[in-house]
Structures are given as C-alpha cells and as structure tokens.
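The values are calculated or read from the model by the stated rules, or taken from the named source; none is laboratory data. Only a predicted model underlies this, so the values are computations on that prediction, with no experimental measurement involved. Methodologically, a virtual Cβ is constructed for each residue, glycine included, from the backbone with ideal geometry; neighbour enumeration extends over all protein chains shown.
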Amino acid sequence: MSDTKKIDVSRDFVDGLFDIKGKVAIVTGATGALGGAIAVAYGMKDAKVVLTARNEERLAAVEQQVKYEGGDCIVVPADPSDPVAFAKVIAAAKKAYGGIDILAVAHGYNHPQNILEQSVEDWSYIMDADLKSVYIVCKQVAEEMAKAGKGGKIVVVSSARSKMGMAGYTGYCASKGAADLMVQSMACDLSSKYGINVNSINPTVFRSDLTEWMFDPESAVYKNFLKRLPIGRLGEPYDFVGMAIFLASPASDFLTGGNYDATGGYWAC
Ligand code: NDP
C-alpha cells in the first residue's frame, strides 16, 4: 500500500458485521408471524434461541421448525405482561445457555374499536399487551445484561402506527407511540453505561393471521395501501428478518434509540 493514511476498515470487521453465531437471543411473540420469522432466522444464523409466548401448541410448532433448520432453541411459555412468569424465561435462558445477548420483543395485540364504544378495560388490555409488557421484558433482560457486563441488543417490534393516528386505534397507536419513546429513553439509560443498544423496528402491513384479509388484491383496503406504498406491495414475514438480524448484530453497533422504518416507504409519502 502507498504511505497515504490507511482507511480504518478491516476485512475481519466487515466479514463479522451480521454475525450472531453463539449469541443467546430471547424472542417474545415467537408464535406470531414476525416473532416466528425472527426466531427461525436467528436459529439459521446459529444463535441460541429462547422461544417464548403463551400458546404452547404453537410454540412447539416453531420449536420444531427452528430445530428442523438446524437451529438450537428452547421453549419457555410465558405471558410477557406477567413479571413473575417472564422471570422464568430469563432463568431458563441462563440455565440453558449461560446468559442473554439479544432480546427481540415481537409480541403484540390489537382490537380496533371506536373510542365511544371502547371500555376502559379494553383500552387497558391493549396498553398492557403492547406497552406494559414491553417495559417488563426489556427491564428484566436489561437488568441481566447490565449484571453480566457484556452489553447486548434489544430490538422492539413497534409499528408504523406509532407516529400516526387511526380510527379505532386509541389503544394501539398510543401504546406503540409510547413504546417508541420508551425505546429512546432506554437507549439513554442503557447504551453508554452498559453497552446495550435499544432500537425499534416499525412495520406497516406484514402478512399474519390478523392481516391476511388485507392481502386480497381486490379489496379497497389493499388498493388504498398500495397508493401509499412506494415499494409496490405489502410485506411478507421474510421481508422483516434482515432488519431483525441487522439490529441484533455488530452491523448496528453504532445505532441506538432509533425507530426504524420497515414500511416499504409508507412514511415517505
Ligand atoms: P401475530 O398476531 O402473528 O402474533 C402476535 C404475537 O403476540 C403472538 O406470538 C401472540 O402469542 C402474542 N400475543 C397476542 N396477544 C397477546 C397479548 N395480549 N399479550 C401478550 N402477547 C400476545 O402478530 P405479528 O407477528 O404480525 O405482530 C408482531 C408485532 O408486530 C406486534 O407487536 C404487532 O403489533 C407488530 N406489528 C405487526 C404488523 C403486521 O402487519 N403484521 C404491523 C405493525 C406492527 P401468544 O398468543 O402465543 O402469546
């Protein structure tokens, strides 16, 4: 090489950018469309995956797929809004794999209702499912990561709806907007002091049991969405995994407190 100043990017660094091999990853909502895709993808990237959600039958099916693809995983059923139950997920992760490096928070719930027809109990249920539970799992995992002193990555699945209102969404939009701000605040609490990166992924419409009906090309909902989607189609769960790997891997070491757009351009126009 010439004696001009050498550019500070090494081959080893670039080769390892998306490497999560051997990392221990807890995935909440592992029975869902996005959580399931994340769990399978992390397994394929040779992470050790802790699958958690409430539905044991569906957890067993995801476990089977992760293992079929050669991945290493355990299953720990738990409701993420129950701190006692979630503590058991952490204990199981430590017992099986020795610690926690990555938390992907992919559980969530919505039941759209006009505020005039919604009870306070129904609204609170959404807030617990989409916000309080996110706080509980992030807090408990962050405590473990801070104690272990090795840093970590927390990836919260929020929503494009965190930044915009919608009819019937007083619970969902409020909880997701608050989750985005919680991600930013957790980054302030955890990143420089403990080396824990905290970011969210904010999706529009990805195929799941709940959104399947929106994928009918003849429906008005589908046509209206496409008018505002520069990418020209709705999302499939596999479209989500690149971002989920990126934010769990060294490639995102300089990113924290971010709410990252996985919208196919919905926020752009
Ligand atoms: P799914 O409906 O496919 O899965 C939802 C997951 O959350 C399941 O694992 C379910 O597990 C769990 N869950 C459901 N209700 C509750 C509850 N009350 N408390 C705790 N956990 C619950 O959804 P997606 O995979 O599509 O969604 C994952 C995340 O992505 C959610 O936060 C959602 O808001 C967000 N999102 C999804 C979009 C999409 O288009 N798919 C768009 C924008 C955001 P179990 O019942 O076994 O506990």
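Quick one: what pairs do we get from segment 108-126, first residue within 13 Å of the ligand (Cβ to nearest atom), second in a helix (DSSP H, G or I) and charged (D, E, K, R), C-beta under 6 Å, 6+ apart or different chains?
These pairs meet every condition: G108/D130.
Suppose the filter is surrounded by 14 or more Cβ atoms within 10 Å (Cβ to Cβ) and in a loop (DSSP other than H, G, I, E, B); does G232 pass it?
Details: surrounded by 14 or more Cβ atoms within 10 Å (Cβ to Cβ): no; in a loop (DSSP other than H, G, I, E, B): yes.
No.
Would you mind finding the one in A129, A96, A61 that is at pLDDT 95 or above and touching a Pro at 6+ places or on another chain (Cβ under 9 Å)? Talk me through it step by step, then tell me what you get.
Details: A96 fails: touching a Pro at 6+ places or on another chain (Cβ under 9 Å); A61 fails: touching a Pro at 6+ places or on another chain (Cβ under 9 Å).
Answer to the check: A129.
How many residues does segment 16-37 contain that are within 16 Å of the ligand (Cβ to nearest atom), at negative phi and not polar (S, T, N, Q)? If you could, list the steps in order and put the result at the bottom.
Start the filter on segment 16-37 by keeping residues that are within 16 Å of the ligand (Cβ to nearest atom), which leaves 25-37.
With the extra rule that they be at negative phi, the set shrinks to 25-28, 30-37.
Still in the list and also not polar (S, T, N, Q): 25-27, 30, 32-37.
Of the residues in that region, 10 qualify.
As an exercise: evaluate D19 against (1) outside any helix (DSSP H, G or I); (2) crowded, with 19+ Cβ neighbours inside 10 Å and give the number of the one condition it does not meet.
(2)
V141 versus (1) under 21 Å from A30 (Cβ atoms); (2) within 15 Å of the ligand (Cβ to nearest atom); (3) under 18 Å from the mean Cα position of the chain (by Cα): which is the lone unmet condition?
Here V141 meets the rest and fails (2).
Of A248, A187, A179, A244, which residue is of a type outside the set (D, E, K, R), modelled with pLDDT of 95 or more and assigned to a loop (DSSP other than H, G, I, E, B)?
Details: A187 fails: assigned to a loop (DSSP other than H, G, I, E, B); A179 fails: assigned to a loop (DSSP other than H, G, I, E, B); A244 fails: assigned to a loop (DSSP other than H, G, I, E, B).
Result of the check over A248, A187, A179, A244: A248.
Looking only at segment 247-264, which residues are of a type in the set (A, V, I, L, M, F, W, C) and surrounded by fewer than 20 Cβ atoms within 10 Å (Cβ to Cβ)? Talk me through it step by step, then tell me what you get.
Keep residues of segment 247-264 that are of a type in the set (A, V, I, L, M, F, W, C), which gives 247-248, 251, 254-255, 262.
Of everything in segment 247-264, those that are of a type in the set (A, V, I, L, M, F, W, C) and surrounded by fewer than 20 Cβ atoms within 10 Å (Cβ to Cβ) turn out to be A251, F254, L255.
Could you run through segment 144-164 and say how many residues are within 16 Å of the ligand (Cβ to nearest atom), touching a strand residue (DSSP E or B) at 6+ places or on another chain (Cβ under 9 Å) and either part of a loop (DSSP other than H, G, I, E, B) or more than 18 Å from I100 (Cβ to Cβ) (or both)? Before you say what the answer is, go through the steps one by one.
So in segment 144-164, the residues within 16 Å of the ligand (Cβ to nearest atom) come out as 154-164.
From what is left, the residues that are touching a strand residue (DSSP E or B) at 6+ places or on another chain (Cβ under 9 Å) are 154-163.
Subset that is either part of a loop (DSSP other than H, G, I, E, B) or more than 18 Å from I100 (Cβ to Cβ) (or both): 158-163.
So the answer is 6.
Taking the residues in segment 243-269 that are under 12 Å from the mean Cα position of the chain (by Cα) and of a type outside the set (V, I, T) as candidates, determine which candidate is nearest to P203 (Cα to Cα). Before the answer, list the steps.
Step one: filter segment 243-269 for residues under 12 Å from the mean Cα position of the chain (by Cα), giving 243-248, 259-260, 262.
Add one more test, that the residue is of a type outside the set (V, I, T), and what stays is 243-244, 246-248, 259-260, 262.
Numbers: M243: 11, A244: 11, F246: 15, L247: 14, A248: 17, N259: 10, Y260: 8, A262: 5 Å.
Once the filter is applied, the top-ranked residue is A262.
Report yes if I100 is farther than 30 Å from G165 by Cα and part of a loop (DSSP other than H, G, I, E, B), otherwise no. Give the derivation first.
Details: farther than 30 Å from G165 by Cα: yes; part of a loop (DSSP other than H, G, I, E, B): yes.
Considered against the rule, which asks whether it is farther than 30 Å from G165 by Cα and part of a loop (DSSP other than H, G, I, E, B), I100 comes out as yes.
Mind checking whether some residue in segment 208-220 is within 10 Å of the ligand (Cβ to nearest atom), within 22 Å of A104 (Cβ to Cβ) and in a helix (DSSP H, G or I)?
Checked segment 208-220: no residue is within 10 Å of the ligand (Cβ to nearest atom), within 22 Å of A104 (Cβ to Cβ) and in a helix (DSSP H, G or I).
I need every pair where a residue in segment 256-269 that is closer than 17 Å to G242 by Cβ has its Cβ under 7 Å from the Cβ of a residue that is of a type in the set (F, W, Y), sequence separation at least 6 or different chains.
D261/W267; A262/F240
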